[in-house]
Amino acid sequence: DTGVSQNPRHKITKRGQNVTFRCDPISEHNRLYWYRQTLGQGPEFLTYFQNEAQLEKSRLLSDRFSAERPKGSFSTLEIQRTEQGDSAMYLCASSSQGPSGELFFGEGSRLTVL
Amino acid sequence: QQQVKQSPQSLIVQKGGISIINCAYENTAFDYFPWYQQFPGKGPALLIAIRPDVSEKKEGRFTISFNKSAKQFSLHIMDSQPGDSATYFCAASIGTGGFKTIFGAGTRLFVKA
């Protein structure tokens, strides 16, 4: 199965530390998205790539957050100087450039900041 | 204007019953309305979707009803089964770009055996 893969699945860190999450999208998908989901809420858009170009960033994405997709394949999301409010599930999704609009989500990376 | 409001927050239905989840939106530019299903520990997965040029779409036991004038849409799950127990998210987007997909807060459905 070549679904969306995210690593690590769980990360516990202390406030002030940096963390990095990786997402491997479905290989033929050129669009990649990062969403954040907190308990009891729906996913909130963070950022979007088409191939290697980062085309849109949400205002939720503070200066401490950076995302890359260097070769248009996998993507990383780094959070610097983590805060307790960063604790959430970080979801990656990918899609093809077609009319269906379907997002294929990974299982997410859960971040806990102590 | 960008919000998608979803209700109820949680729902308990007997096996074989009908589960109904409602959503409302404000932005008339939305033109794609998907429903996602999420099981614990998993990412959301597309269940069914509709565009505003039709009023109803049915796939198996799942039906979306869409009321463009009221800016409301709903998910009906017929003959609900314990395996349907999950969290359901309505969503809306402008075009098919996922970056413009706005999700509702979700409905936790529990189907009693």
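The values are calculated or read from the model by the stated rules, or taken from the named source; none is laboratory data. The structure presented is a predicted model; accordingly, all values stated were derived computationally and were not measured. Glycine gets a Cβ as well: all are built from the backbone with ideal geometry, and neighbour counts include every protein chain shown. Just so you know, the surface numbers come from the protein's heavy atoms only, side chains and all, with ligands and any DNA or RNA stripped out. Shrake-Rupley method; radii C 1.70, N 1.55, O 1.52, S 1.80 Å.
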Inset, instruction - Note down the relative contact order for chain B as a percent, whole number, built from C-alpha pairs under 8 angstrom at least six residues apart. - result: 37 percent
Legend entry - Residues of segment B:64-113 buried by at least 40 Å² on assembly (accessible area, 1.4 Å probe, chain alone as reference): B:Thr96, B:Gly98, B:Phe99, B:Phe103, B:Ala105
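Leaving out ligands and nucleic acids, note down the accessible area per residue over the protein assembly as shown with a 1.4 angstrom probe, in whole Å².
Values: 11290 Å² over 227 residues.
Per-residue accessible area for the protein assembly as shown comes out at 50 Å².
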Inset, instruction - May I ask you to list the residues of segment A:36-73 whose amide nitrogen lies under 19 Å from a point 7 Å from Cα along the Cα→beta-carbon direction of A:Thr112? - result: A:37-41
Legend entry - Two-site FRET efficiency, A:Ile12 against B:Arg61, from Cβ-Cβ distance with R₀ of 41 Å, rounded to 0.05: 0.55
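Give the average, rounded to an integer, of partner chain Cβ atoms located within 10 angstrom of each Cβ in A:32-40.
Working: counts 1, 4, 1, 6, 0, 6, 0, 0, 6.
Per residue, the average neighbour count from other chains is 3.
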Inset, instruction - May I ask you to evaluate 6.51 cos²θ - 1.76 cosθ + 1.60, the Karplus curve with θ = phi - 60°, for each residue of segment B:43-49 and list the ³J(HN,Hα) values in order in whole Hz, giving x for glycine and proline? - result: x, x, 10, 4, 9, 6, 9
Inset, instruction - Divide the volume of the convex hull of the Cα atoms of chain B by its number of residues and quote the answer in cubic angstrom per residue. - result: 93 Å³
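What percentage of the solvent-accessible surface of segment A:1-68, computed with a 1.4 Å probe over protein heavy atoms, is contributed by carbon and sulfur atoms? Working shown, then result.
Values: 1670 of 3980 Å².
Of all accessible area on segment A:1-68, carbon and sulfur atoms account for 42 percent.
Using a 1.4 Å probe over the heavy atoms of the protein chains, calculate the carbon and sulfur portion of the accessible area of chain B as a whole percent. Numbers along the way, then the final one.
Details: 2760 of 5430 Å².
Using a 1.4 Å probe with all protein chains present, chain B comes out at 51 percent carbon and sulfur.
Can you tell me the FRET efficiency between B:His76 and A:Leu39 if r is taken as the Cβ-Cβ distance and R0 is 30 Å, rounded to the nearest 0.05? It would help to have the intermediate numbers written out before the result.
Values: r = 27 Å, r/R0 = 0.89.
After rounding to 0.05, the efficiency reads 0.65.
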Legend entry - Placed amide H near B:Leu47: partners under 5 Å, 5+ positions off or other chain: B:Trp35, B:Tyr36, B:Gln37
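Any chance you could tell me what percent of the C-alpha pair distances in the protein assembly as shown go past 33 Å? Please report the intermediate quantities before stating the final value.
Working: 4299 of 25651 pairs.
So the pairs more than 33 Å apart make up 17 percent of the total in the protein assembly as shown.
From the C-alpha coordinates alone, can you work out the Kirkwood hydrodynamic radius of chain A, in Å? Can you show the working numbers first?
Values: mean 1/r = 0.0712 Å⁻¹.
Taking every pair of different Cα atoms in chain A, averaging 1/r and inverting gives 14.0 Å.
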Inset, instruction - Give the interface area between chains A and B as buried accessible surface, both sides summed, probe 1.4 Å, in Å² to the nearest 100. - result: 1600 Å²
Legend entry - Cut-off under 5 Å, modelled amide H: who pairs with B:Ala86 long-range: B:Leu109
Inset, instruction - Be a star and scan segment B:1-26 for residues whose amide nitrogen sits under 11 Å from the point 7 Å along the Cα-to-Cβ vector of B:Ser69. - result: none
